[in-house]
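Here is the structure we will look at.
The values are calculated or read from the model by the stated rules, or taken from the named source; none is laboratory data. Not measured: the values here are computed from a predicted model. Counting neighbours? That spans all protein chains shown, and the Cβs are built from the backbone with ideal geometry, glycine included. For accessibility, only protein heavy atoms count, side chains too; no ligands or nucleic acids. Shrake-Rupley method; radii C 1.70, N 1.55, O 1.52, S 1.80 Å.
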Amino acid sequence: MDKIDHQILTPLATLLCLVISGCDDLGQQIDALTGEQDKQVQALIERTKAQMVFVEGGSFMMGDGGGPNNLPWTIARDNKPAHKVTLTSYSMGAYEVSYADFDLYTAVNDLPKTMWTKWDKNEIWRASEFPAGVSWYGAKNYCLWLAKLTQLSIDLPTEAQWEFAARNRGENILFATDNGWIEEGRNYELNTDYAEPSGTYPPNPLGFYDLSGNMIEWVNDWWAEDYYQHSPELDPKGPKEGTKKVMRGGRFLESPRGSNVYTRQESDELDEAYRAKGFRCALNQAKPIPVQSIN
């Protein structure tokens, strides 16, 4: 529900009060609308917590270290060499964030809706259940908004957290599907016109959906072509600065092979939303959220 524009309602309320003695009723209606939005936000918080999948930390060789016969999985240079990374335990959202949830965030904060031009707003993929196409700043600020509401350390996942989860805690697999391979129509999308609602196909063994294909996903890290050559081992967070942010997981517009767990893509269009760029949030907490705190 869109947040009420009080600049419009104030003169309207005054006029109504002059014509009829309905000020109390109008105030009750405004309170009811605000209360409904509060309920929606609380439901979003509960849903976000419940959908956080805990990932036990550990060490793995991050990057393209080669597949069968020691041949590299990809021809890219920026995902090599494979290098040891050790991660503290964390949690990450099982699903890509939907338009319904992102629209609530923008409404509450008086922000423009994402992907809401006259060419986009009536498209099938702009329905509430589909994954939201957002800018990097939109994704980042959404996660930080949830952090403020919940007092939890919620943020975009780091690139290392994303890859560790996609690879089932570091397995040497090619795709983040239920079996590590693509079977179109069973564990991977057939549609190439738009992303499917997150969760349409089976999750990977850890319980994450759509880490291969569907929407390419923003992560927190700045991109640098040579970062893997000097990445720290413990909880790497990417370069301290840059002009481009990393995206992972491939997208419906590309060849399925581009949806592998090793390929890195980058973008300097951090303020621009696009229908194929989505995200999910992570929780930087070394223990799972206690069941009793999901209320």
What is the Cα radius of gyration of the stretch 128-198 over 2.2 N^0.38 Å, N being its residue count? 1.37
Leaving ligands and nucleic acids out of the surface, order D120, D221, D271 by accessible area at 1.4 Å, largest first. D271, D120, D221
Derived scalar couplings ³J(HN,Hα) [the stretch 161-176; Karplus, 6.51 cos²θ - 1.76 cosθ + 1.60; whole Hz; x for Gly, Pro]: 4, 4, 5, 4, 5, 5, 9, 6, 6, x, 5, 8, 10, 9, 10, 8
In degrees, nearest 10, the alpha-carbon axis of helix 23-50 is tilted away from the dominant principal axis of the alpha carbons of the chain by 10 degrees
H83, H230, reordered so the largest accessible area comes first (probe 1.4 Å): H230, H83
Label zone at W181 (point 7 Å along Cα-to-Cβ), backbone N below 15 Å, the stretch 56-88: 68
Report, to the nearest 10°, how far helix 136-150 tilts away from the longest principal axis of the Cα atoms in the chain, using its own Cα long axis and a range of 0 to 90°. 70 degrees
How large is ³J(HN,Hα), in whole Hz, for each residue of the stretch 87-92 in order, when computed from phi with the Karplus curve 6.51 cos²θ - 1.76 cosθ + 1.60 and θ = phi - 60°, using x for Gly and Pro? 10, 6, 4, 7, 10, 8
To the nearest 10 square angstrom, how much accessible area does I182 have with a 1.4 angstrom probe? 50 Å²
In Å², rounded to a whole number, the accessible area per residue of the stretch 159-295 with probe 1.4 Å is 43 Å²
Which value in deg cm²/dmol, rounded to the nearest 500, describes the helix-derived mean residue ellipticity at 222 nm for the chain, given -39,500 (n - 2.57) per DSSP H run of n ≥ 4 and division by the residue count? -8500 deg cm²/dmol
Quick check: at a probe of 1.4 Å, how many percent of the accessible area of the chain sits on carbon and sulfur atoms? 53 percent
I need the phi-derived Karplus couplings for the stretch 206-212: 6.51 cos²θ - 1.76 cosθ + 1.60, θ = phi - 60°, integer Hz, Gly and Pro marked x. 7, x, 9, 9, 6, 7, 10
Only Cα pairs under 8 Å and at least 6 apart count here; give the relative contact order of the stretch 165-256 as a rounded whole percent. 28 percent
Determine the relative contact order of the chain: mean sequence separation of Cα pairs under 8 Å and six or more apart, normalised by residue count, in whole percent. 24 percent
For the E46, N70 Cβ pair and Förster radius 51 Å, calculated FRET efficiency rounded to 0.05 is 0.60
Descending packing, highest mean Cβ count within 10 Å first, for 48-57, 131-140 is 131-140, 48-57
Links exceeding 20 Å between C-alpha atoms in this model, out of K84/K287; K49/K140; K140/K277; K80/K277; K80/K237; K245/K277, come to K84/K287; K80/K277
Spin-label point model (7 Å from Cα, Cβ direction): what's the T200 to D110 distance in nm? 3.7 nm
Among (1) 19.3; (2) 21.3; (3) 20.4, which one is Kirkwood radius over Cα pairs in Å computed from these coordinates? (3)
